[in-house]
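To start, the structure under review is shown below, and the notes come after it.
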There are 2 protein chains.
Amino acid sequence: MNKIAVMGHGVVGSGVVEVFYKNHDSILTKAGADMDIKYILDLREFPETPYADKFIKDFKVIVKDPEVNIVVETMGGLEPAYTFVKQCLEAGKSVVSSNKELVAQKGFELLSIAKEKNVNFLFEASVGGGIPIIRPISQCLAANDITEIAGILNGTTNFILTKIFKDKMDFEKALSLAQSLGYAERDPSADVLGFDSCRKICILAALAFGKHVYPDQVHTEGITEITLADVLYAGSFCSAVKLIGRAKKLTDGRILATVYPAIVSRDSQLSSVDDVFNAVMVRGDATGDVVFYGKGAGKLPTASAVMADVIDCVKHVAARKYLSWDDYTEGYVADYTEDTLALYVCAETKTAEAKEHIKTKLSGVKFLARENQPESEIAFVTGIDSEKNLRQAMNELSDVITVKNTIRVLDI
Amino acid sequence: MNKIAVMGHGVVGSGVVEVFYKNHDSILTKAGADMDIKYILDLREFPETPYADKFIKDFKVIVKDPEVNIVVETMGGLEPAYTFVKQCLEAGKSVVSSNKELVAQKGFELLSIAKEKNVNFLFEASVGGGIPIIRPISQCLAANDITEIAGILNGTTNFILTKIFKDKMDFEKALSLAQSLGYAERDPSADVLGFDSCRKICILAALAFGKHVYPDQVHTEGITEITLADVLYAGSFCSAVKLIGRAKKLTDGRILATVYPAIVSRDSQLSSVDDVFNAVMVRGDATGDVVFYGKGAGKLPTASAVMADVIDCVKHVAARKYLSWDDYTEGYVADYTEDTLALYVCAETKTAEAKEHIKTKLSGVKFLARENQPESEIAFVTGIDSEKNLRQAMNELSDVITVKNTIRVLDI
């Protein structure tokens, strides 16, 4: 009999308990073995739930109980999740986590302990909520040489960008709407500044390319600078603006890892991913582009991903799954300005000959137009070059234009 | 040392050998064990390949060689693939197959033998080419109660429908183009009549709902009756025409299993899947809609899916994967006319009051218009009802209109 402890009875944790009892019979059939939830760890009281007798407040009960062989961590945040998970693994218990911050910061260390103790540390729910991502990358695409991963990894920002684009809202109004609908938190900074996407791309990069990437190594920009004007210009050349987390292998073995708003062509499957939906594109040498799409967050989708990992733990009680990666090495993540891309630029012109100056300085420039465009406003997309060269050219044009905003244009 | 035999050196089989040697080091790392290809079975000679010494013509060499523990079947067709695979499983060898016809016809029997012999029978490549589908459904979505699966499962027909829609070609011209580009075979019937999609939905239905569905139990219609007029009418209400394979659970435990062209709203992720791409939507009670998108066919995508299964076999040499389903039971697949949907109808009018008659007979009718619409042509979408009732109403309108074509409108 497998005994499970669930640590944290918030949105995801309570969903795990709910999904487990709701789909109990089919889960047991799929797992091929018996299991039950023995403890639910939370400092709060939940006397109204049917599982009130399972609640405990002392973590030590879990770690010391030899009957508990699988621990679900849905507390979120780095501490005390990290300490608890580490102790559980060291005590020879498999751990399933939905905690992206934990995996992005401590994934290498925790996977190493799991390997040493011959137990599982699984975290399908940490990226993409209920969308299967981690397992397909680590298993189904195992025979591929993955060259790039790019995704819309945060539903809140995607909802805001969709509202700006489709309903012509400005950023502030779209954010208020997201907050009133419960899609954004009162302090939305982790979402709108890109930190949430950053943690997820760290995990995806580690899986795809085999080395841990830490959040502070990922060049991260949020969507707070995106204006309605930018979105209108993007629409004028059949493109959408999306917050893209991306990791790309360079020919010398280093990688690029970035999170920033990007202009994506309407031909890309990512451009039609709207509202709170997420999608991840995996580019492999054999498969070409494969895209995974679905709800990236929410109680039940995330809980179902956690339960799938629990089922996998039960099936592999004896034989550990081979999920692992190496630690980061110095110089592994390249500077983001080494990337090759096109740049969208929106600027104030300082001279009537601005267009001519821009054309002299940059090749392949396309000028854009939008409704109600002020006379002194100019917008264009550059040809493809290294970001470093493009930024340099912008500096050299500072006598001619005052840049209001730039957005990278990605071929994904 | 794991020794592999590859049966069939056609498009997929040669791709498997190619991917294996090209990504050899990373495949071995991911598998965590050593392996090599020992035999390639084909009746033809391939003296030019670097693996010429591995070719054999006698299947018995493989089945009798105790060193061979994993057999890859990429021959296609029911025989001799079925006999060979069965003998390999009975001899205690794991088998990986890309053969959708084999799995759709003999999946239950072969999985039962695999279970009995404690070996693996895996077939990720049989549906969706390089798109991970089988494993996500069986593992990642295991904690879900899946209610419906719908997909664009055939690249050839999707290419043809895209050409009709985007380039206003008629069916014959689009088919010729597909043939000249190598996307359609000289005899395109397995694709355009829906048989290929039918085999794939059998496999998906068995995985999702746990019982084998045989191809002859799936109501199957192809795309040969779709006209440019139909596609234009569909476009007029923001929808696309796609060949959809679909399996849906009814409340009484029976299922609907169908393959036919269907009108899909532009709001659906499936509507933007164009050209030779495939996509599968899985609707779960916890996850909501999850969509998997990518190239559904082709040498390297399919080969990479086969190799992923081989890696999984190597990892699970001792511990079998729990992929299995029950056999079909009488009455399990419901008649397709029990489904509830809307119907698009294109017809010749026999009287000037046709519209009035139609409105009297059917509720919620919306009439459609297209460019160059002949005066006697009428097109409309009905309200939602059982297909049986809608067909009955069409019959009762036979004095008023002569139906030219009907297409189901699906909410997927």
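When B:Val119 is tested against (1) in contact with a helix residue (DSSP H, G or I) (Cβ under 7 Å, 6 or more places away or on another chain); (2) at pLDDT 95 or above; (3) more than 14 Å from chain A (Cβ to nearest Cβ), just one condition goes unmet, and that condition is (2). Restricting attention to the stretch A:60-98, the residues being more than 20 Å from A:Arg44 (Cα to Cα) and acidic (Asp, Glu) number 3.
Filter the stretch A:23-45 down to the residues that are assigned to a helix (DSSP H, G or I), of a type outside the set (S, T, N, Q) and surrounded by 15 or more Cβ atoms within 10 Å (Cβ to Cβ) and list them by number. So that I can check it myself, show each step before the final result.
Going residue by residue through the stretch A:23-45, those that are assigned to a helix (DSSP H, G or I) are A:24-31.
Next cut, of a type outside the set (S, T, N, Q) only: A:24-25, A:27-28, A:30-31.
Listed by number, the residues that qualify are A:Ile27, A:Leu28, A:Lys30, A:Ala31.
In the stretch B:141-200, the qualifying residues are those that are of a type in the set (Gly, Ala, Ser) and surrounded by fewer than 21 Cβ atoms within 10 Å (Cβ to Cβ), and the one that is nearest to the other protein chains (Cβ to nearest Cβ) is B:Gly182. Screening B:Arg408, B:Arg370 for residues that are buried (at least 19 other Cβ atoms within 10 Å of the Cβ) and farther than 30 Å from B:Ser26 by Cα leaves exactly one candidate, B:Arg408. Among the residues of the stretch A:227-239, those identified as out of contact with any Phe, Trp or Tyr (no Cβ under 6 Å at 6 or more places or on another chain) and of a type outside the set (Phe, Trp, Tyr) are A:Thr227, A:Leu228, A:Ala229, A:Asp230, A:Leu232, A:Ala234, A:Gly235, A:Ser236, A:Cys238, A:Ser239.
Going by the structure shown, is B:Lys173 more than 17 Å from B:Gly296 (Cα to Cα), among the basic types (Lys, Arg) and not in a loop (DSSP other than H, G, I, E, B)? Spelling it out, B:Lys173 is indeed more than 17 Å from B:Gly296 (Cα to Cα), among the basic types (Lys, Arg) and not in a loop (DSSP other than H, G, I, E, B). Looking at A:Glu79, A:Glu48, just one residue is modelled with pLDDT under 95, surrounded by fewer than 16 Cβ atoms within 10 Å (Cβ to Cβ) and among the charged types (D, E, K, R), and that residue is A:Glu48.
Just give me the residues in the stretch B:364-412 being more than 30 Å from A:Gly294 (Cα to Cα), in a strand (DSSP E or B) and touching a Phe, Trp or Tyr at 6+ places or on another chain (Cβ under 9 Å), in sequence order. Passing the criteria: B:Lys366, B:Phe367, B:Ile378, B:Ala379, B:Phe380, B:Asn405, B:Thr406.
Residue check: B:Ser138 meets all listed conditions (1) surrounded by 24 or more Cβ atoms within 10 Å (Cβ to Cβ); (2) not basic (Lys, Arg); (3) not assigned by TED's automatic domain parsing to the domain that holds B:Ile311 but one, namely (1). Please verify whether B:Glu172 is of a type in the set (Asp, Glu) and in contact (Cβ under 8 Å) with a residue 60 or more places away in the chain, treating the condition exactly as stated. In short, no. Given the condition more than 12 Å from chain A (Cβ to nearest Cβ) and surrounded by fewer than 16 Cβ atoms within 10 Å (Cβ to Cβ), answer yes or no: does some residue in the stretch B:5-14 qualify? Yes: one or more hits. Across the stretch A:258-300, the number of residues qualifying as over 15 Å from the mean Cα position of the chain (by Cα) and under 30 Å from A:Ser14 (Cβ atoms) comes to 4. Among (1) assigned to a helix (DSSP H, G or I); (2) modelled with pLDDT under 95, where does B:Leu89 come up short? Exception for B:Leu89: condition (2).
Taking the stated definitions as given, is B:Gly245 among the small types (Gly, Ala, Ser), closer than 28 Å to B:Leu111 by Cβ and either crowded, with 20+ Cβ neighbours inside 10 Å or more than 14 Å from chain A (Cβ to nearest Cβ) (or both)?
Numbers: among the small types (Gly, Ala, Ser): yes; closer than 28 Å to B:Leu111 by Cβ: yes; either crowded, with 20+ Cβ neighbours inside 10 Å or more than 14 Å from chain A (Cβ to nearest Cβ) (or both): yes.
The answer is yes for B:Gly245.
Within the stretch B:280-305, the set of residues being at the interface with chain A (Cβ under 8 Å from one of its Cβ atoms), in contact (Cβ under 8 Å) with a residue 24 or more places away in the chain, over 10 Å from B:Pro132 (Cα atoms) and aliphatic (A, V, I, L, M) comprises B:Ala286, B:Val290, B:Leu300, B:Ala303.
Could you check, for the stretch A:107-116, whether at least one of its residues is of a type in the set (A, V, I, L, M), within 26 Å of B:Ile133 (Cβ to Cβ) and assigned by TED's automatic domain parsing to the domain that holds A:Ala303? Looking through the stretch A:107-116, none of the residues is of a type in the set (A, V, I, L, M), within 26 Å of B:Ile133 (Cβ to Cβ) and assigned by TED's automatic domain parsing to the domain that holds A:Ala303. Figure legend. Inter-residue proximity from the stretch B:19-34: first residues closer than 15 Å to B:Asp312 by Cβ and more than 8 Å from chain A (Cβ to nearest Cβ), second residues of a type in the set (D, E, K, R) and surrounded by fewer than 17 Cβ atoms within 10 Å (Cβ to Cβ), beta-carbon distance below 8 Å, spacing 6+ or different chains. Indicated pairs: B:Leu28/B:Asp34. Count, please, the residues in the stretch A:310-355 that happen to be acidic (Asp, Glu), modelled with pLDDT of 95 or more and in a helix (DSSP H, G or I). Total satisfying the criteria: 1. Out of curiosity, is A:Ala279 buried (at least 18 other Cβ atoms within 10 Å of the Cβ), more than 19 Å from A:Phe171 (Cα to Cα) and of a type in the set (Gly, Ala, Ser)? Judged against the criteria, A:Ala279 is a match. When B:Ala150, B:Ala234, B:Ala190, B:Ala240 are screened for being in contact (Cβ under 8 Å) with a residue 40 or more places away in the chain, in a helix (DSSP H, G or I) and of a type in the set (A, V, I, L, M), only B:Ala234 passes.
Of all residues in the stretch A:259-279, count the ones that are more than 26 Å from A:Thr382 (Cα to Cα) and either more than 10 Å from chain B (Cβ to nearest Cβ) or of a type in the set (Phe, Trp, Tyr) (or both). Walk me through it before giving the result.
Residues of the stretch A:259-279 that are more than 26 Å from A:Thr382 (Cα to Cα), as a first pass: A:274-279.
After this cut, where a residue has to be either more than 10 Å from chain B (Cβ to nearest Cβ) or of a type in the set (Phe, Trp, Tyr) (or both) as well, the list is A:275-278.
Of the residues in that region, 4 qualify.
Residues in the stretch B:348-402 that are closer than 22 Å to B:Thr258 by Cα and in contact (Cβ under 8 Å) with a residue 40 or more places away in the chain: 11 in all.
The values are calculated or read from the model by the stated rules, or taken from the named source; none is laboratory data. All figures in this text were calculated on a predicted structure; none of them were measured in a lab. Note that each Cβ is placed from the backbone with ideal geometry, even for glycine, and that neighbours are counted across all protein chains shown.
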